[in-house]
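The values are calculated or read from the model by the stated rules, or taken from the named source; none is laboratory data. Worth saying up front: this structure is predicted, and the values here are computed from it rather than measured. Glycine gets a Cβ as well: all are built from the backbone with ideal geometry, and neighbour counts include every protein chain shown.
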């Protein structure tokens, strides 16, 4: 194991029996809950999270403390905490790792968040494909209820809180916060118009704190050790650690907990141990299926929200997919667009119609029937989708197209001229498209 | 059966997705019949149109009978670059069916799946709730023969 990795959120993963609550407790678990309920006011918990500088880990990087404050400050007797465990972003499996390795840490994070914002009920919405995570989280909730940390008058305080685990049913769009909320309400998962945002009007139109698994899993550490300790790892504007998922053509695939501030080069070559075989790295896609695709000479960018933004990148869910030089950029982009065309919920036109059209245009490149005028159409279509789609799916799905047009334009040109350099788009021979 | 499942969840609108999942998993053909949807509508007091809308929105639900074992093969980028197309071809070839079809003996259905979160063991598939990673021709053959013997 590379010494660049950190053991904080993942400290127990692989070392404890995820079914046994006593192993969690004997390794410092539920210490934060006891500390918060007995010695801290809800506002104190929020202040500590604010001071930690924790940013949402689901992709949007919204300040978690601020979101908690908004839910806390919105008037209402009934409030909810929703844990977004609908980890559908291709190449992302960090939430699964956390839920299967240390389910109680997430339960503790949700209870703390519920205490902080004044909620009575929490939901964990786990994608249906994660059978084991669903089972382990259900067990963790049940075990926690048995020891009295869920239910009424927790630790003899005036704090009632319970958690329900819900399974998704195979819809990528439900990772979008309002689509997830609609799904929890028993409807098709289609996003709502914003504003109002969930902290003001979320689940059943009540104030709702909705956070990613990794975000909530950070809260016990912050409450236990304080914001200063939390900030001891990472950079000024990106505090703490980030779980990164390495997949694709890379030797050491897996989930790694890393300090913010290290370079993508370190991640690919030190932790990931580079591309296997005699191949060279051609491209990485960072942030998930709608992330940017960048060439191998851009790896000096740091794992840091500000540095990545400066370079036009987004950390997204923390997925990094590596592609070696045997891969065709057009073919990869085509497969991503097929995915988005399938997963679009159909509510708004730019996404419902835009994704299949994008797919058709890219398919023209792979068939050798694209013309230079395709570039104009691609530009206008991607801009329309980015600006006019209702939610993040349609706004960000053009990103692979936009970024590959920026960094791999020569490969598009070659396809117009009937050549696929990787020989993948051709039907019969080494690169000529018939 | 439908009534029992609904009672175990409680009569609540928001339980529609978990109820439909349980109904589908409770029958060997892994699908929701027209009668199932009508019963759910009646017992939960939700219009049939909405039950149908939900049942056709989520990719887990099928309104057509499927096989005893549903083989969902991931065709997202991390699996593709690690040989998912070969996996798809192997399954199709061995079972003699195309994607989306069910074998005549009613045993297997082949489906695409989006990312299974099994990217560190790509290429991967999920078969009736179990994950199988690092798939190759040999492994696929042995998985299928194991399932046939069950």
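Any chance you could count how many residues in region A:319-333 are crowded, with 24+ Cβ neighbours inside 10 Å and either at the interface with chain B (Cβ under 9 Å from one of its Cβ atoms) or at pLDDT below 95 (or both)? Qualifying residue count, region A:319-333: 5.
Here no helices (runs of 4 or more DSSP H) wholly within region B:38-150 include at least 2 residues being facing chain A (nearest Cβ under 10 Å), more than 21 Å from residue A:90 (Cα to Cα) and in contact (Cβ under 8 Å) with a residue 60 or more places away in the chain.
Considering only residues in region B:12-37 that are away from chain A (no Cβ under 14 Å) and surrounded by fewer than 18 Cβ atoms within 10 Å (Cβ to Cβ), the one that is farthest from residue B:54 (Cα to Cα) turns out to be B:28.
Looking across A:173, A:163, one residue alone is surrounded by 23 or more Cβ atoms within 10 Å (Cβ to Cβ), under 30 Å from residue A:289 (Cβ atoms), in contact with a helix residue (DSSP H, G or I) (Cβ under 7 Å, 6 or more places away or on another chain) and touching a residue at least 60 places away in the same chain (Cβ under 8 Å). It is A:173. Residues in region B:5-35 that are within 20 Å of residue B:129 (Cβ to Cβ), in a helix (DSSP H, G or I) and within 21 Å of the chain's Cα centre (by Cα): B:5, B:17, B:18, B:19, B:20, B:21, B:22, B:23, B:24, B:25, B:26. The residue that is farthest from the other protein chains (Cβ to nearest Cβ), among those in region A:293-317 that are buried (at least 24 other Cβ atoms within 10 Å of the Cβ) and at pLDDT 95 or above, is A:303. Would you confirm, using the coordinates I've provided, whether residue A:117 is more than 30 Å from residue B:126 (Cβ to Cβ), away from every other protein chain (no Cβ under 14 Å) and buried (at least 23 other Cβ atoms within 10 Å of the Cβ)? Spelling it out, residue A:117 is indeed more than 30 Å from residue B:126 (Cβ to Cβ), away from every other protein chain (no Cβ under 14 Å) and buried (at least 23 other Cβ atoms within 10 Å of the Cβ). Residue-level check: of (1) under 30 Å from residue A:245 (Cα atoms); (2) assigned by TED's automatic domain parsing to the domain that holds residue B:19, residue B:51 misses just (1). Before we move on, is residue A:213 within 14 Å of chain B (Cβ to nearest Cβ), in contact with a helix residue (DSSP H, G or I) (Cβ under 7 Å, 6 or more places away or on another chain) and surrounded by 24 or more Cβ atoms within 10 Å (Cβ to Cβ)? In short, yes. Scanning region B:132-146 for residues that are in contact with a strand residue (DSSP E or B) (Cβ under 8 Å, 6 or more places away or on another chain) and within 22 Å of residue A:252 (Cα to Cα) returns B:132, B:135, B:139. Does region A:157-173 include one or more residues that are assigned to a helix (DSSP H, G or I) and closer than 28 Å to residue B:32 by Cβ? Within region A:157-173, one or more residues are assigned to a helix (DSSP H, G or I) and closer than 28 Å to residue B:32 by Cβ.
Note on region A:339-355: residues that are part of a helix (DSSP H, G or I), under 17 Å from residue B:76 (Cα atoms) and touching a helix residue (DSSP H, G or I) at 6+ places or on another chain (Cβ under 6 Å) total 4. Could you tell me whether region A:181-192 includes any residue that is under 30 Å from residue A:395 (Cβ atoms), more than 18 Å from the chain's Cα centre (by Cα), more than 14 Å from chain B (Cβ to nearest Cβ) and not in a strand (DSSP E or B)? Scanning region A:181-192 turns up at least one residue that is under 30 Å from residue A:395 (Cβ atoms), more than 18 Å from the chain's Cα centre (by Cα), more than 14 Å from chain B (Cβ to nearest Cβ) and not in a strand (DSSP E or B).
Only one of the numbered conditions (1) touching a strand residue (DSSP E or B) at 6+ places or on another chain (Cβ under 9 Å); (2) modelled with pLDDT of 95 or more; (3) assigned by TED's automatic domain parsing to the domain that holds residue B:144 is violated by residue B:81, and that is (2).
Conditions (1) within 9 Å of another protein chain (Cβ to nearest Cβ); (2) in a helix (DSSP H, G or I); (3) under 28 Å from residue A:48 (Cα atoms), marked per residue:
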site: A:87; (1), (2), (3): yes, no, yes
site: A:91; (1), (2), (3): yes, no, no
site: A:95; (1), (2), (3): yes, yes, yes
site: A:99; (1), (2), (3): no, yes, yes
site: A:107; (1), (2), (3): no, yes, yes
site: A:113; (1), (2), (3): no, yes, yes
site: A:140; (1), (2), (3): no, yes, yes
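Screening the candidates A:29, A:59 for the property of being within 23 Å of the chain's Cα centre (by Cα), surrounded by 14 or more Cβ atoms within 10 Å (Cβ to Cβ) and outside the structural domain of residue A:247 (by TED's automatic domain parsing) yields one hit, A:59.
Conditions (1) in the same structural domain as residue A:89 (by TED's automatic domain parsing); (2) in contact with a strand residue (DSSP E or B) (Cβ under 7 Å, 6 or more places away or on another chain); (3) closer than 20 Å to residue A:42 by Cβ, marked per residue:
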| site | (1), (2), (3) |
| --- | --- |
| A:123 | yes, yes, yes |
| A:131 | yes, no, no |
| A:139 | yes, no, no |
| A:143 | yes, no, no |
| A:151 | yes, yes, yes |
| A:157 | yes, no, yes |
| A:162 | yes, yes, yes |
| A:165 | yes, yes, no |
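Filtering region A:259-277 for residues that are under 30 Å from residue A:190 (Cα atoms), away from chain B (no Cβ under 13 Å) and under 19 Å from the mean Cα position of the chain (by Cα) leaves an empty set.
Scanning for something more than 11 Å from chain B (Cβ to nearest Cβ), without any contact (Cβ under 8 Å) to a residue 12 or more places away in the chain and either within 19 Å of the chain's Cα centre (by Cα) or more than 28 Å from residue A:395 (Cα to Cα) (or both), does region A:235-242 turn up at least one residue?
First pass over region A:235-242, keeping only residues more than 11 Å from chain B (Cβ to nearest Cβ): A:235-242.
Subsequent filtering for residues that are without any contact (Cβ under 8 Å) to a residue 12 or more places away in the chain retains A:236.
Adding the requirement that they be either within 19 Å of the chain's Cα centre (by Cα) or more than 28 Å from residue A:395 (Cα to Cα) (or both) leaves A:236.
Among the residues of region A:235-242, at least one is more than 11 Å from chain B (Cβ to nearest Cβ), without any contact (Cβ under 8 Å) to a residue 12 or more places away in the chain and either within 19 Å of the chain's Cα centre (by Cα) or more than 28 Å from residue A:395 (Cα to Cα) (or both), which makes the answer yes.
Considering every residue within region A:345-364, establish whether at least one is within 27 Å of residue A:424 (Cα to Cα), more than 14 Å from every other protein chain (Cβ to nearest Cβ), crowded, with 18+ Cβ neighbours inside 10 Å and at pLDDT below 95. No, region A:345-364 contains no residue that is within 27 Å of residue A:424 (Cα to Cα), more than 14 Å from every other protein chain (Cβ to nearest Cβ), crowded, with 18+ Cβ neighbours inside 10 Å and at pLDDT below 95.
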